[in-house]
Amino acid sequence: MGIIASILIWRSFMKTKAIAALLVTATALSTFPLTASADWRSDLPVFRIGLLGGENEADRLRNNDCLRVALEERLGVPVEMFPAPDYAGVMQGLLAGQLDYAALGASAYAGIYLQDANAVEPIFVSAEADGSTGYIAPMYVRADSDIHSLEDMEGHSLAYADPNSTSGYIVPRFELRRAGIVEEDFFSRTGFGGGHEQAVIAVLQGQYDAGVTWASGQGDPAEGYTRGNLRRMIDNGLLDMSDLRIIWESPIIPNGPVVIRQALPQEVKDIVSDYLANQLETDAQCYYDISFGEGQGWVSVDHDFFEGIVEMRREELAGSR
């Protein structure tokens, strides 16, 4: 489905929900003190969370439902989740002001920033099991493959995850170029798997020889690391790591941010930030579910944390023109 079609579907969906949302909001408001701080609720009848593509829709909704419930209770307005078919759908929803919140990869955030620096603001990244705030892009092949290193990939096919993915596209391409590898000459072909989960499945089914995804870089690769797409697929019963082998890992990449729409009232931002800042202590299972595995909670960040990825994305865009 194209970006425009996705947005049109969202618009239609949100219009049909508007009346119901207002009625639910009125009920919710009755439990709040009648103070000036409640005024924004009449202008924000629903808080909208965008969910990136890369994981099947049912699992995305299930794993993020705890976040919906927690924020609905604290904000006093209905919270709705909008799973997009790809990264671009969430990016366009945030740029158009049709989404209020999302967890993004660093490259997706950079892509939004380069189009409209005032659309969203990054507020947190997840800390890894050792407290660090970076992750890696591992390249994987089937365990029964004769490919054991990046050098062995010559003449074979590679599946990227998504053109707006940091670990699933931007960083691996940058590192390959830095290693002197010319894609068109080195690989038999490259393509997009349609998301991180889908790319793994494509490799397992023999549609590609290798793929790239995201992982914490912490823990045992043979167990899917401590956090990331491989860990989530194992948790969801979709992957046995004995079927894959990691052949390459990227340098450390800045963890992707949770972003919130800049134009929202400050009280909304404060409520959301307060919940996330304390989530590991007050709602540990929800933290595990929405952050794709183990970690040490959310760390506050601002735009400066992503400047390197913004420049990398700018360079990628310039090279595509």
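The values are calculated or read from the model by the stated rules, or taken from the named source; none is laboratory data. Predicted, not measured: the structure shown is a model, and the values here were computed from it. Cβ: placed from backbone, ideal geometry, glycine included. Neighbour counts: every protein chain shown.
The residue pairs whose first member lies in the stretch 138-149 and is under 20 Å from HIS196 (Cα atoms), whose second member is acidic (Asp, Glu) and assigned to a strand (DSSP E or B), and whose beta carbons are closer than 9 Å, counting only pairs six or more residues apart or on different chains, are PRO138/GLU249; MET139/GLU249.
So how many residues does the stretch 59-98 have that are under 13 Å from ILE112 (Cα atoms) and either touching a His at 6+ places or on another chain (Cβ under 7 Å) or part of a loop (DSSP other than H, G, I, E, B) (or both)?
Here is the first cut: in the stretch 59-98, the ones under 13 Å from ILE112 (Cα atoms) are 87-97.
Those still in the list that are either touching a His at 6+ places or on another chain (Cβ under 7 Å) or part of a loop (DSSP other than H, G, I, E, B) (or both) too: 96-97.
The total comes to 2.
Let's see how each residue does on (1) surrounded by fewer than 22 Cβ atoms within 10 Å (Cβ to Cβ); (2) outside the structural domain of ASN63 (by TED's automatic domain parsing); (3) touching a residue at least 60 places away in the same chain (Cβ under 8 Å):
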| residue | (1), (2), (3) |
| --- | --- |
| LEU95 | yes, no, no |
| GLY111 | no, no, yes |
| LEU114 | yes, no, yes |
| ASN118 | yes, no, yes |
| TYR169 | no, yes, yes |
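Pick from GLN266, GLN262, GLN279: which is of a type in the set (S, T, N, Q) and either surrounded by 15 or more Cβ atoms within 10 Å (Cβ to Cβ) or in contact with a helix residue (DSSP H, G or I) (Cβ under 7 Å, 6 or more places away or on another chain) (or both)? Walk me through it before giving the result.
On the way: GLN266 fails: either surrounded by 15 or more Cβ atoms within 10 Å (Cβ to Cβ) or in contact with a helix residue (DSSP H, G or I) (Cβ under 7 Å, 6 or more places away or on another chain) (or both); GLN262 fails: either surrounded by 15 or more Cβ atoms within 10 Å (Cβ to Cβ) or in contact with a helix residue (DSSP H, G or I) (Cβ under 7 Å, 6 or more places away or on another chain) (or both).
It is GLN279.
Scan SER242, SER273 and give me the residue that is part of a helix (DSSP H, G or I) and not assigned by TED's automatic domain parsing to the domain that holds ARG74.
Details: SER273 fails: not assigned by TED's automatic domain parsing to the domain that holds ARG74.
Every option except SER242 fails the conditions.
Output yes when any residue across the stretch 216-238 is within 28 Å of VAL301 (Cα to Cα), free of Cβ contacts under 8 Å to residues at least 12 places away in the same chain and either out of contact with any Ser or Thr (no Cβ under 7 Å at 6 or more places or on another chain) or in the same structural domain as GLY111 (by TED's automatic domain parsing) (or both), and no when none is. Yes: the stretch 216-238 contains one or more residues that are within 28 Å of VAL301 (Cα to Cα), free of Cβ contacts under 8 Å to residues at least 12 places away in the same chain and either out of contact with any Ser or Thr (no Cβ under 7 Å at 6 or more places or on another chain) or in the same structural domain as GLY111 (by TED's automatic domain parsing) (or both).
Has the stretch 31-45 got at least one residue that is under 18 Å from the mean Cα position of the chain (by Cα), outside any helix (DSSP H, G or I), modelled with pLDDT of 55 or more and at negative phi? Within the stretch 31-45 (the criterion being under 18 Å from the mean Cα position of the chain (by Cα), outside any helix (DSSP H, G or I), modelled with pLDDT of 55 or more and at negative phi), the answer is no, since none of the residues qualifies.
Residue by residue through the stretch 100-134, note down the ones that are under 29 Å from TYR225 (Cα atoms) and assigned to a loop (DSSP other than H, G, I, E, B). If the condition is that a residue be under 29 Å from TYR225 (Cα atoms) and assigned to a loop (DSSP other than H, G, I, E, B), then LEU104, GLY105, ALA127, GLU128, ALA129, ASP130, GLY131, SER132, THR133 are the ones that fit. Being in contact (Cβ under 8 Å) with a residue 40 or more places away in the chain, in the same structural domain as GLY194 (by TED's automatic domain parsing), hydroxyl-bearing (Ser, Thr, Tyr) and in a loop (DSSP other than H, G, I, E, B), is that true of even one residue in the stretch 291-303? There is no residue in the stretch 291-303 that is in contact (Cβ under 8 Å) with a residue 40 or more places away in the chain, in the same structural domain as GLY194 (by TED's automatic domain parsing), hydroxyl-bearing (Ser, Thr, Tyr) and in a loop (DSSP other than H, G, I, E, B). Among the residues of this structure, ILE253 does not count as one that is more than 18 Å from THR166 (Cα to Cα), touching a residue at least 60 places away in the same chain (Cβ under 8 Å) and of a type in the set (Val, Ile, Thr). Under 21 Å from GLN207 (Cα atoms), β-branched (Val, Ile, Thr) and surrounded by 17 or more Cβ atoms within 10 Å (Cβ to Cβ): is that true of ILE147 in this structure? Yes.
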